Amino acid sequence: MEKKINLIVNKEDHNKRVDAYINKHNKEISRTRIKNLILKKNLKINNKIVIDPSKKISENDSINIEIPEPKLLSLRPYKYKLDIVYEDNDLMVINKPAGIVMHPGAGNYDNTIVNALINHDKKSLSSIGDELRPGIVHRIDKNTSGLIVIAKNNFTHENLSIQFSKHTILRSYQLLIWGKLRPPKGRIENFIARSNTNRQLMEVNIFKGKKAITNYETLEIFENESTPTLSLLECNLETGRTHQIRVHMNNLGNSIVGDDKYKKKYKKIRNIDSELNYLLNNLDRQFLHAKTLGFFHPKKKKGNGF
């Protein structure tokens, strides 16, 4: 059923962004979803359609936003065995292997996690996001493995989305990098923006972008006569920017082993163990795994950690 939100701006909200204003007065809808609704022409200010989420509002403005009924799914099921770590009536946590993408997109509309979820239970997936992404609250890259949470209803989706937007979700990754970091434990804080030379990549930018914060700790260093220097790290994210860990490691000059997009050029390694050399040169994924995922269950109101 279509839902409408009607608001009149009071004096204290004068000159605020319209997306922030709507979010302030309706906590059940995440700011990300509000932004998407505005971009899809579902907002009217004083009976005029507005498609700018940053539009400043004035006292006594009439704000009307429509939340349309979700579109019916038209996705093909994919017979793919999901590694389900946890499942109840509201959500599912799965361990995604490397090599499969999260949702349909250009060049691949059938063999994705979403298609596998459709095959698992089409009727138990949230429907408030993009019609090609039912249940998808967050994503990890195709060649990254690890834990993701799936929403089975719209209430759960909204609640988890808000937790992600407030950065209260615990996300811990383990990764293997070239070389070693100094100091071995630290915090990386900067801005990440889309690359000016390759729009498919992200990069650290001094002047623009979104704040990205990664806390890292070196767990072990591998270094001997027949092994190139490699380090096993654990990273805890305070933000969740696109390719965040990959970009941060590459910017430090210590790209993730196996990363085919973000990598530094290395000189040929001498005296390396032949078996290790073969394995390093024939990797089909980056050494990056989403190890831990922690959040508050939307219905049970208690913390869950996986």
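The values are calculated or read from the model by the stated rules, or taken from the named source; none is laboratory data. Computed from a prediction, not measured in an experiment: that's the story for all the values here. Here the Cβ positions follow ideal geometry from the backbone for every residue, glycine too, while neighbour counts run over all protein chains shown. Calculation scope for accessible area: heavy atoms of the full protein, side chains included, ligands and nucleic acids excluded. Shrake-Rupley method; radii C 1.70, N 1.55, O 1.52, S 1.80 Å.
For Asn224 and Leu280, a Förster radius of 22 Å and the Cβ-Cβ distance give a FRET efficiency of 0.90, rounded to the nearest 0.05. Under 1.5 on a/c is rounded, so check that first for segment 128-175, then, if it is not, pick prolate when a/b is larger than b/c and oblate when it is not; a ≥ b ≥ c are the square roots of the alpha carbon gyration tensor eigenvalues. In terms of gyration-tensor shape, oblate.
Karplus-based coupling profile of segment 62-67, in residue order and whole Hz: 9, 10, 10, 10, 9, 10, with θ = phi - 60° in 6.51 cos²θ - 1.76 cosθ + 1.60 and x standing for Gly or Pro.
Counting Lys and Arg as +1 and Asp and Glu as -1 over every other residue whose Cβ lies under 12 Å from the Cβ of Leu233, the net charge comes to 0. When only the Cβ of Lys, Arg, Asp and Glu is charged (+1, +1, -1, -1), the dipole of segment 1-155 relative to its Cα centre reaches about 340 debye. The per residue volume of the convex hull around the alpha-carbon atoms of segment 149-232 is 173 Å³. Below 19 Å, Cα to Cα, which lysines can Lys210 reach? Residues fewer than 8 away in the same chain don't count. Here the lysines satisfying the reach criterion relative to Lys210 are Lys35, Lys166. A dipole drawn for the chain from +1 and -1 charges on Cβ atoms has a positive end, and of Leu252, Asn205, Thr227 the residue lying farthest that way is Asn205.
Give Lys3/Lys96; Lys24/Lys123; Lys96/Lys123; Lys142/Lys208; Lys180/Lys291; Lys180/Lys263 a once-over and call out the pairs whose C-alpha atoms are over 24 Å from each other. Beyond 24 Å: Lys3/Lys96; Lys24/Lys123; Lys142/Lys208. Give me the distance between the Cα centres of segment 38-53 and segment 249-306, rounded to whole Å. If you average the Cα positions of each part, the centres end up 42 Å apart. Note on segment 87-218: semi-axes of the ellipsoid equivalent to its C-alpha gyration tensor, largest first and rounded to whole Å, are 29, 18, 16.
Pairs from the list Lys27/Lys185; Lys152/Lys261; Lys152/Lys301 with a Cα-Cα gap above 28 Å: Lys27/Lys185; Lys152/Lys261.
Considering only protein heavy atoms, what per residue accessible area in square angstrom results for the chain with a 1.4 angstrom probe? Show your work: numbers first, answer last.
Working: 17470 Å² over 306 residues.
Dividing the accessible area of the chain by its residue count gives 57 Å².
Each peptide in 276-283, 89-96 gets a packing score, the mean of other Cβ atoms within 10 Å over its residues, and the list from highest to lowest is 89-96, 276-283.
Here the chain is treated with +1 on each Lys and Arg Cβ and -1 on each Asp and Glu Cβ, and its dipole about the Cα centre works out to around 800 debye. Calculated mean residue ellipticity at 222 nm for the chain: -5000 deg cm²/dmol, from DSSP H runs with n ≥ 4 weighted as -39500 (n - 2.57), summed, divided by the residue count and rounded to 500.
Plainly put, the chain has a radius of gyration that is 1.02 times its Kirkwood radius, both from alpha-carbon atoms, as the Rg/Rh ratio. Over the C-alpha atoms of segment 1-142, the Rg to Rh ratio, Rh being the Kirkwood estimate, stands at 1.08.
Only the Cβ atoms of Lys and Arg (+1) and of Asp and Glu (-1) were treated as charged; on that basis the dipole of segment 156-232 about its Cα centre amounts to roughly 480 debye.
Need one word for segment 153-286: rounded, prolate or oblate. Basis is the Cα gyration tensor (sqrt eigenvalues a ≥ b ≥ c); a/c below 1.5 gives rounded, then a/b vs b/c decides.
Details: a/c = 2.03, a/b = 1.78, b/c = 1.15.
It is prolate, given that a/c is not under 1.5 and a/b is the larger ratio.
Note on Lys79: aspartates and glutamates with a C-alpha under 17 Å away, same-chain residues under 8 apart excluded, are Asp110, Asp121. Using only the Cα atoms of segment 3-58, build the gyration tensor, take square roots of its eigenvalues as a ≥ b ≥ c, and label the shape rounded, prolate or oblate: rounded if a/c is under 1.5, else prolate if a/b is larger than b/c, else oblate. Since a/c stays below 1.5, the shape of segment 3-58 is classed as rounded.
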